[in-house]
Amino acid sequence: KQEVTQIPAALSVPEGENLVLNCSFTDSAIYNLQWFRQDPGKGLTSLLLIQSSQREQTSGRLNASLDKSSGRSTLYIAASQPGDSATYLCAVCVTLTSGTYKYIFGTGTRLKVLA
Amino acid sequence: EPEVTQTPSHQVTQMGQEVILRCVPISNHLYFYWYRQILGQKVEFLVSFYNNEISEKSEIFDDQFSVERPDGSNFTLKIRSTKLEDSAMYFCASLSGTAYGYTFGSGTRLTVV
(Lines give C-alpha, C1' and ligand atoms only; values in the text may rest on other atoms or scores of the structure.)
Protein backbone atom coordinates (compact mmCIF):
# COMPACT_ATOMS: atom_id res chain seq x y z
CA LYS A 1 0.00 0.00 0.00
CA GLN A 2 1.42 3.36 -1.06
CA GLU A 3 2.19 5.76 1.77
CA VAL A 4 3.41 9.31 1.36
CA THR A 5 5.27 11.16 4.09
CA GLN A 6 6.49 14.72 4.23
CA ILE A 7 9.16 16.15 6.47
CA PRO A 8 9.42 18.46 8.21
CA ALA A 9 5.81 18.76 9.37
CA ALA A 10 6.35 22.44 10.07
CA LEU A 11 9.05 24.94 9.22
CA SER A 12 9.62 28.55 10.20
CA VAL A 13 12.31 30.54 8.39
CA PRO A 14 13.34 34.19 8.00
CA GLU A 15 12.57 35.90 4.73
CA GLY A 16 15.16 35.39 2.00
CA GLU A 17 16.23 31.89 2.95
CA ASN A 18 16.38 29.07 0.45
CA LEU A 19 14.57 26.02 1.72
CA VAL A 20 13.89 22.39 0.90
CA LEU A 21 10.73 20.43 1.58
CA ASN A 22 10.88 16.66 1.42
CA CYS A 23 8.39 14.06 0.26
CA SER A 24 8.92 10.30 0.37
CA PHE A 25 6.77 7.48 -0.93
CA THR A 26 6.96 3.76 -0.29
CA ASP A 27 6.15 2.34 -3.74
CA SER A 28 8.15 3.56 -6.73
CA ALA A 29 5.42 2.50 -9.20
CA ILE A 30 4.03 5.98 -9.75
CA TYR A 31 2.93 7.82 -12.88
CA ASN A 32 3.80 11.26 -11.67
CA LEU A 33 4.08 13.43 -8.59
CA GLN A 34 2.36 16.75 -8.05
CA TRP A 35 3.15 19.49 -5.54
CA PHE A 36 0.32 21.65 -4.23
CA ARG A 37 0.01 24.73 -2.08
CA GLN A 38 -2.85 25.15 0.39
CA ASP A 39 -3.60 28.39 2.20
CA PRO A 40 -5.52 28.11 5.50
CA GLY A 41 -9.13 27.15 4.92
CA LYS A 42 -8.67 27.24 1.17
CA GLY A 43 -8.38 24.86 -1.77
CA LEU A 44 -5.40 23.19 -3.39
CA THR A 45 -3.36 25.05 -5.97
CA SER A 46 -1.12 23.00 -8.24
CA LEU A 47 2.49 24.18 -8.25
CA LEU A 48 4.47 21.62 -10.22
CA LEU A 49 3.88 18.25 -11.89
CA ILE A 50 6.77 15.87 -12.50
CA GLN A 51 6.25 12.85 -14.71
CA SER A 52 7.89 9.59 -13.62
CA SER A 53 10.36 9.85 -16.51
CA GLN A 54 11.49 13.33 -15.48
CA ARG A 55 14.07 14.32 -12.89
CA GLU A 56 12.94 17.88 -12.19
CA GLN A 57 10.59 20.71 -13.02
CA THR A 58 10.97 24.43 -12.44
CA SER A 59 8.54 27.29 -12.14
CA GLY A 60 9.87 30.66 -11.08
CA ARG A 61 11.46 30.33 -7.64
CA LEU A 62 10.25 26.75 -7.29
CA ASN A 63 12.15 23.66 -8.35
CA ALA A 64 10.93 20.12 -7.75
CA SER A 65 13.05 17.03 -8.19
CA LEU A 66 12.08 13.38 -8.36
CA ASP A 67 14.13 10.28 -7.63
CA LYS A 68 11.63 7.52 -8.29
CA SER A 69 13.95 4.65 -7.47
CA SER A 70 14.58 5.93 -3.97
CA GLY A 71 11.01 7.10 -3.48
CA ARG A 72 11.84 10.76 -2.91
CA SER A 73 10.93 14.19 -4.15
CA THR A 74 12.08 17.58 -2.96
CA LEU A 75 10.57 21.01 -3.44
CA TYR A 76 13.16 23.76 -3.40
CA ILE A 77 11.98 27.32 -2.75
CA ALA A 78 14.51 30.02 -3.50
CA ALA A 79 14.62 33.38 -1.74
CA SER A 80 11.55 32.72 0.38
CA GLN A 81 8.99 35.49 0.95
CA PRO A 82 6.23 35.96 3.56
CA GLY A 83 3.71 35.29 0.79
CA ASP A 84 5.10 31.76 0.50
CA SER A 85 3.64 30.95 3.93
CA ALA A 86 1.21 28.07 3.40
CA THR A 87 0.98 24.30 3.66
CA TYR A 88 2.75 22.41 0.89
CA LEU A 89 1.43 19.01 -0.12
CA CYS A 90 2.90 16.37 -2.39
CA ALA A 91 0.73 13.74 -4.06
CA VAL A 92 1.71 10.68 -6.08
CA CYS A 93 -0.35 9.28 -8.94
CA VAL A 94 -0.90 5.52 -8.81
CA THR A 95 -2.85 3.05 -10.90
CA LEU A 96 -6.02 1.57 -9.51
CA THR A 97 -7.06 -2.06 -9.97
CA SER A 98 -9.71 -0.72 -12.36
CA GLY A 99 -6.95 0.60 -14.62
CA THR A 100 -7.72 4.22 -13.76
CA TYR A 101 -5.74 6.55 -11.51
CA LYS A 102 -5.78 8.36 -8.23
CA TYR A 103 -3.50 10.64 -6.25
CA ILE A 104 -2.39 9.83 -2.72
CA PHE A 105 -1.49 12.81 -0.59
CA GLY A 106 1.31 13.34 1.87
CA THR A 107 0.91 14.72 5.33
CA GLY A 108 1.99 18.24 4.35
CA THR A 109 4.63 20.73 5.47
CA ARG A 110 3.34 23.91 7.12
CA LEU A 111 5.68 26.73 6.14
CA LYS A 112 5.91 30.12 7.79
CA VAL A 113 8.23 32.75 6.34
CA LEU A 114 8.95 35.57 8.77
CA ALA A 115 9.34 39.14 7.52
CA GLU B 1 -7.77 28.71 -17.63
CA PRO B 2 -10.42 25.98 -17.14
CA GLU B 3 -11.62 25.52 -13.57
CA VAL B 4 -13.38 22.96 -11.45
CA THR B 5 -16.34 24.68 -9.77
CA GLN B 6 -17.81 23.56 -6.46
CA THR B 7 -21.00 24.73 -4.80
CA PRO B 8 -21.85 25.69 -2.16
CA SER B 9 -18.63 27.01 -0.66
CA HIS B 10 -19.97 26.46 2.84
CA GLN B 11 -22.89 24.37 4.05
CA VAL B 12 -24.20 23.96 7.56
CA THR B 13 -26.55 21.06 8.19
CA GLN B 14 -28.14 19.35 11.13
CA MET B 15 -27.03 15.89 12.14
CA GLY B 16 -29.12 13.26 10.39
CA GLN B 17 -29.92 15.42 7.36
CA GLU B 18 -28.92 14.62 3.80
CA VAL B 19 -26.60 16.94 1.87
CA ILE B 20 -25.60 17.11 -1.77
CA LEU B 21 -22.30 18.67 -2.70
CA ARG B 22 -22.01 19.77 -6.29
CA CYS B 23 -19.08 19.96 -8.68
CA VAL B 24 -18.69 20.95 -12.30
CA PRO B 25 -15.47 19.35 -13.57
CA ILE B 26 -13.51 20.58 -16.56
CA SER B 27 -15.51 19.63 -19.62
CA ASN B 28 -13.05 17.40 -21.48
CA HIS B 29 -11.76 15.59 -18.42
CA LEU B 30 -12.43 11.89 -18.03
CA TYR B 31 -11.72 11.05 -14.40
CA PHE B 32 -13.52 12.57 -11.44
CA TYR B 33 -12.77 12.40 -7.73
CA TRP B 34 -13.95 13.41 -4.29
CA TYR B 35 -11.53 13.95 -1.41
CA ARG B 36 -12.10 15.22 2.07
CA GLN B 37 -9.93 17.00 4.59
CA ILE B 38 -10.90 17.08 8.24
CA LEU B 39 -9.57 20.22 9.88
CA GLY B 40 -5.87 19.86 10.60
CA GLN B 41 -5.62 16.47 8.95
CA LYS B 42 -4.41 15.13 5.62
CA VAL B 43 -6.34 15.09 2.36
CA GLU B 44 -8.08 11.70 2.11
CA PHE B 45 -9.31 9.94 -1.00
CA LEU B 46 -13.01 9.10 -1.01
CA VAL B 47 -13.96 7.92 -4.48
CA SER B 48 -12.97 7.94 -8.13
CA PHE B 49 -15.42 7.90 -11.04
CA TYR B 50 -14.75 7.01 -14.67
CA ASN B 51 -16.96 6.06 -17.58
CA ASN B 52 -20.09 6.68 -15.52
CA GLU B 53 -19.21 4.34 -12.71
CA ILE B 54 -17.19 4.20 -9.54
CA SER B 55 -13.69 2.93 -10.29
CA GLU B 56 -12.51 2.84 -6.70
CA LYS B 57 -13.75 3.86 -3.28
CA SER B 58 -12.00 4.07 0.05
CA GLU B 59 -13.09 2.46 3.29
CA ILE B 60 -14.46 5.86 4.31
CA PHE B 61 -16.92 5.78 1.40
CA ASP B 62 -19.55 3.53 2.94
CA ASP B 63 -23.28 3.21 2.24
CA GLN B 64 -23.81 6.69 3.63
CA PHE B 65 -22.14 8.15 0.55
CA SER B 66 -23.04 8.09 -3.13
CA VAL B 67 -21.89 9.86 -6.27
CA GLU B 68 -23.63 10.70 -9.52
CA ARG B 69 -22.89 12.36 -12.81
CA PRO B 70 -26.48 12.90 -13.81
CA ASP B 71 -26.19 15.08 -16.90
CA GLY B 72 -22.67 14.83 -18.27
CA SER B 73 -21.53 18.04 -16.61
CA ASN B 74 -22.36 17.97 -12.89
CA PHE B 75 -20.70 15.53 -10.49
CA THR B 76 -22.37 15.23 -7.10
CA LEU B 77 -21.54 13.73 -3.74
CA LYS B 78 -24.51 12.83 -1.58
CA ILE B 79 -24.11 12.19 2.12
CA ARG B 80 -27.16 10.59 3.72
CA SER B 81 -27.88 11.00 7.41
CA THR B 82 -24.91 13.22 8.20
CA LYS B 83 -22.89 12.73 11.38
CA LEU B 84 -20.81 15.21 13.34
CA GLU B 85 -17.65 13.51 12.11
CA ASP B 86 -18.60 14.26 8.51
CA SER B 87 -17.66 17.88 9.15
CA ALA B 88 -14.77 18.55 6.79
CA MET B 89 -13.71 20.31 3.63
CA TYR B 90 -14.76 18.29 0.60
CA PHE B 91 -12.79 18.71 -2.60
CA CYS B 92 -13.73 17.68 -6.09
CA ALA B 93 -10.98 17.05 -8.66
CA SER B 94 -10.87 16.09 -12.29
CA LEU B 95 -8.15 14.67 -14.49
CA SER B 96 -7.79 14.42 -18.25
CA GLY B 97 -4.94 11.92 -18.07
CA THR B 98 -1.65 11.38 -16.29
CA ALA B 99 0.11 13.96 -18.45
CA TYR B 100 -1.52 16.94 -16.78
CA GLY B 101 -2.25 16.23 -13.14
CA TYR B 102 -5.26 17.02 -11.03
CA THR B 103 -7.26 20.19 -11.12
CA PHE B 104 -9.05 20.78 -7.83
CA GLY B 105 -12.11 22.80 -7.01
CA SER B 106 -11.97 25.33 -4.20
CA GLY B 107 -13.87 23.01 -1.87
CA THR B 108 -17.09 22.91 0.12
CA ARG B 109 -16.77 23.32 3.86
CA LEU B 110 -19.41 21.09 5.45
CA THR B 111 -20.32 21.75 9.06
CA VAL B 112 -22.63 19.27 10.76
CA VAL B 113 -24.23 20.58 13.97
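The values are calculated or read from the model by the stated rules, or taken from the named source; none is laboratory data. All values reported here derive from a predicted model rather than from experimental measurement. Ideal geometry is used to build each Cβ from the backbone, glycine not excepted, and the neighbour counts take in all protein chains shown. Only protein heavy atoms, including side chains, enter the accessible area calculation; ligands, DNA and RNA are left aside. Shrake-Rupley method; radii C 1.70, N 1.55, O 1.52, S 1.80 Å.
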FRET efficiency for A:Ser53 and B:Ser96, Cβ-Cβ distance as r, R0 = 22 Å, nearest 0.05? 0.75
Taking Rh as the Kirkwood radius, which is the inverse of the mean 1/r over Cα pairs, what is the Rg/Rh value for the range B:1-85? 0.95
Carbon-plus-sulfur fraction of the accessible area of chain B, 1.4 Å probe, in percent? 45
What residues in the range A:28-57 lose 20 Å² or more of accessible surface when the other protein chains are added to their chain alone (1.4 Å probe)? A:Gln34, A:Phe36, A:Gln38, A:Gly41, A:Gly43, A:Leu44, A:Leu49, A:Gln51
What is the sum of charges, Lys and Arg at +1 and Asp and Glu at -1, for the other residues whose Cβ falls under 13 Å from the Cβ of B:Lys78? -2
Give me the accessible area buried between chains B and A, both sides summed, with a 1.4 Å probe, in Å² rounded to the nearest 100. 1800
For Cα pairs less than 8 Å apart in space and 6+ apart in sequence, what is the mean separation divided by the residue count of the range B:13-69, i.e. the relative contact order in percent? 21
Quick check: the distance between the Cα centres of the range A:1-43 and the range B:11-38, to the nearest angstrom? 25
Straight-distance crosslink candidates among aspartates and glutamates, where the alpha carbon sits under 17 Å from A:Lys1 and sequence neighbours closer than 8 are dropped: A:Asp27, B:Glu44, B:Glu56, B:Glu59
Just give the residues from the range A:82-107 buried by at least 50 square angstrom of accessible area in the all-chains context relative to the isolated chain, probe 1.4 Å, and say none if nothing qualifies. A:Thr100, A:Tyr101, A:Lys102, A:Tyr103, A:Phe105
Does the range A:33-104 classify as rounded, prolate or oblate by the C-alpha gyration tensor (a ≥ b ≥ c root eigenvalues; a/c under 1.5 gives rounded; else a/b over b/c gives prolate, otherwise oblate)? oblate
Net charge of neighbours whose Cβ lies under 12 Å from the Cβ of A:Leu75, counting Lys and Arg as +1 and Asp and Glu as -1: +1
So, relative contact order of chain B in percent, Cα under 8 Å, 6 or more apart, is 39
Of all accessible heavy-atom area on the range A:36-106, the percent that carbon and sulfur account for (1.4 Å): 46
Kirkwood hydrodynamic radius of the protein assembly as shown from all distinct Cα pairs, in Å? 18.1
Net charge of Cβ neighbours under 14 Å - reference A:Pro14; Lys, Arg +1; Asp, Glu -1: -2
